[in-house]
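Reading through the structure tokens given below for one structure.
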Amino acid sequence: MLGRVLNTHQQWICRQLADCGYEVARQTAVADTGREIQQAVREALSRADLVITTGGLGPTSDDITRDLIAELLGKKLREDAAVLANVEAFFAVRKRPMPAKTRVQALVLEDAIVLPNAHGTAPGMAVEVRPNPFRAQSGWLVMLPGPPRELRPMFSEQVLPFIREKLPLANALVSRTLKTTGLGESVVEEKIAGPLRSLTDAGLEIGYCARTGEVDVRLVGRGVDAGRLVGEAEGIVRRLIGGHVFGGDDDQLEEVVVRLLTERRRTLALSESCTGGYIANRITNVPGASVVLLAGIVSYSNAAKQEFVGVRAETLAAHGAVSEPVAREMAEGVRRKTNADYALAVTGIAGPGGGTPDKPVGTVFIALAAERHTFVLNPVNRYDRETFKYVTSQQALELLRRTVLAR
């Protein structure tokens with residue numbers, strides 16, 4: 001509530017539920033105080049079939065959700081032997097003493113379904129509120145631990161199957177997200193909305209989600225005709241803007257690139273200046289990247305460009321570090337030194353200072369050296385430094401993806 005911690009749970013959980021056809025009616029964030037927590041849960045139970053809480057199940061003094069909800073529902077807390085054994089094992093396997101206060105995490109609400117925590121100590125719980133004192137019909141309350149590395153696997157592996165069993169959907173739902181790059185949100189809609197109109201009239205739902213460097217197109221069908229609607233819509237979208245579609249659903253561009261290079265047994269080298277290793281970071285976040293990435297060099301200074309990737313001093317003197325000739329020599333030089341099949345190089349002005357009338361802040365040159373050709377892009381990415389680095393890395397990876405596909 002102080003703005004120092006980003007609430008990623010709301011976005012992530014809503015995404016998981018929406019992809020399965022469950023619509024979230026409201027999100028609420030409250031402080032770790034009794035009145036606010038109880039009031040929020042009471043209001044939620046009065047209007048929803050399913051209420052999910054996150055956080056407040058740990059051992060510290062501000063972890064009060066468990067006790068407050070037990071009080072609100074008039075339920076006792078009991079110590080669960082299996083949970084206590086898991087807490088003790090958690091510390092034993094790490095050869096650490098178990099703090100006495102940690103034992104409180106073994107307390108669960110009576111009649112609760114315990115959701116074991118394989119990645120931490122606080123278990124989750126699911127409680128059927130029946131009869132519901134706040135609503136005419138019964139509902140379910142699911143309580144989850146706060147740390148994402150504990151919450152996410154618990155939600156995916158236990159909560160979603162539980163929800164499907166206890167709250168099955170009346171209508172079948174088919175959802176497909178196509179991930180695009182290189183086009184703005186309004187351009188994407190302009191190109192596909194008209195041709196999809198007959199399908200939307202038949203019940204297809206279309207959603208657009210724009211984020212830096214990408215636009216998602218979400219296609220949703222409901223009922224017995226859902227699969228046909230979504231399948232036809234995907235075919236139309238791919239026919240109209242297929243060159244910009246790099247993946248679907250949860251694909252990341254770097255994952256797609258690593259997969260393409262792996263399938264074709266091609267290798268990659270990088271020479272980065274203005275992105276400071278950001279492209280290498282994205283590539284190495286993908287499991288199996290070691291098969292394709294041979295080297296990544298942050299040739300930030302002019303001296304580094306000369307010594308490590310072979311940029312000529314006269315090229316730097318004649319054109320400056322941020323120029324097409326330097327980008328070409330960076331890419332060709334690192335490819336030559338590593339013997340990689342492809343080499344990407346980037347050089348630019350991230351700002352906020354350093355720009356000139358000829359080369360304003362945001363100027364960047366992206367070079368891709370392949371066996372027969374070197375390609376160079378020259379966008380102007382007018383963003384803050386961090387966004388500049390991300391957008392530039394996105395453009396570089398997309399250039400590589402298209403080149404690999406086109407041989």
Translational diffusion coefficient, Stokes-Einstein: compute it for region 146-195 using the Kirkwood radius over C-alpha pairs as Rh, at 20 °C and 1.002 mPa s, and state it as an integer in µm² s⁻¹. 146
Hey, of [x] -0.36, -1.11, -1.16; [y] -0.24, -1.19, -1.37; [z] -0.45, -1.00, -1.10, which did the structure itself give for log10 I(q)/I(0) by the Debye sum over Cα atoms at q = 0.06, 0.13, 0.14 Å⁻¹ when calculated? [x]
To the nearest 10 degrees, how steep is helix 8-19 against the longest Cα principal axis of the chain, on a 0 to 90 scale? 90
Whole-number percent relative contact order across region 173-245, with pairs defined as alpha carbons under 8 Å at least 6 apart: 44
Mind jotting down the distance between the C-alpha centroids of region 204-229 and region 102-130, whole Å? 36
Quick one: which of 230-237, 165-172 comes out on top by average Cβ neighbours within 10 Å, and what's the full order, highest first? 230-237, 165-172
Taking amide H positions as placed 1.01 Å from N in the peptide plane, with prolines and chain starts having none, which residues 5 or more places from residue 286, or on another chain, fall under 5 Å of its amide H? none
Of all DSSP beta bridges located in region 8-166, what percent are antiparallel, nearest 5? 70
Calculate, axis by axis, the spread of Cα positions in region 8-166 along the three principal axes, and write the results as whole Å, longest axis first. 47, 33, 28
Would you mind pulling out the separation of the Cα centroids of region 353-392 and region 231-295, in Å? 19
By DSSP, what percent of the beta bridges with both residues in region 253-406 are antiparallel, rounded to the nearest 5? 50
Considering only DSSP beta bridges with both partners in the chain, what is the antiparallel share in %, to the nearest 5? 75
When you have a sec, figure out the Kirkwood radius of region 253-406 from all distinct Cα pair distances and drop it here in Å to one decimal? 15.1
Cα-based Lys pair tally, the chain, threshold under 23 Å, eight or more apart or on separate chains: 9
How much mean residue ellipticity at 222 nm does the chain get from its helices, if each DSSP H run of length 4 or more adds -39500 (n - 2.57) and you divide by all residues, to the nearest 500 deg cm²/dmol? -12000 deg cm²/dmol
Gap separating the Cα centres of region 56-74 and region 27-48, nearest whole Å: 12
Can you give the angle from 0 to 90° between the axis of helix 81-93 and the longest principal axis of the chain, with both taken from C-alpha atoms, to the nearest 10? 40
Based only on Cα atoms, what mean projected area does the convex hull of region 114-153 have, in nm²? 3.2
Run the simple label-point estimate for residue 128 and residue 298 please: 7 Å along Cα→C-beta, distance reported in nm. 5.6
Defining a contact as two alpha carbons under 8 Å apart and six or more residues distant in sequence, what relative contact order in percent does the chain show? 10
Of the listed peptides 265-272, 347-354, what is their order by residue-averaged count of other C-beta atoms within 10 Å, with the highest listed first? 265-272, 347-354
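All of the numbers you see were taken from the coordinates with simple rules; none came from a lab. Keep in mind that what you see is a predicted model, and the values were worked out from it rather than measured. Methodologically, a virtual Cβ is constructed for each residue, glycine included, from the backbone with ideal geometry; neighbour enumeration extends over all protein chains shown.
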